[in-house]
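Contents: one structure, followed by commentary.
The values are calculated or read from the model by the stated rules, or taken from the named source; none is laboratory data. Keep in mind the model is a prediction, meaning the values are calculated, not measured. Cβ: placed from backbone, ideal geometry, glycine included. Neighbour counts: every protein chain shown.
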Amino acid sequence: MKHAGAKSITIGLAILAGRPVLEIADDGKGIGQKLKTEGMGLRNMEYRANVIGGDLTIEARKGGGTCVRCTLPLRKSVLRPLKPKADSNAK
């Protein structure tokens, strides 16, 4: 929001085509092609998504603003139920 001058952001999390998708969109001034290649912030985000088998896209929104979407792999280990932690205060 700082660099974009946005007044609001929308954060969404969904499963699309069997994969978790995190999407963050704002109503700021948008991102130009030049900004996508300058600095390390966006490159670091893309690198980190790729390391875990995900994809990152950064797009200008119609009417202004930017949408950052990260599609993640869905591993079978994510699907198993979590075991409750033992209560350390129980005696």
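Within segment 68-80, residues that are at pLDDT below 90 reach partners that are surrounded by 14 or more Cβ atoms within 10 Å (Cβ to Cβ) with beta carbons closer than 8 Å, at six or more positions or on different chains, in the pairs Pro73/Arg19; Pro73/Gly54; Leu74/Arg19; Leu74/Pro20.
Might you let me know whether segment 37-51 holds any residue that is assigned to a strand (DSSP E or B) and either modelled with pLDDT of 90 or more or surrounded by 11 or more Cβ atoms within 10 Å (Cβ to Cβ) (or both)? Can you show your working first?
If we filter segment 37-51 for residues that are assigned to a strand (DSSP E or B), which is where we start, we get none.
Within segment 37-51 (the criterion being assigned to a strand (DSSP E or B) and either modelled with pLDDT of 90 or more or surrounded by 11 or more Cβ atoms within 10 Å (Cβ to Cβ) (or both)), the answer is no, since none of the residues qualifies.
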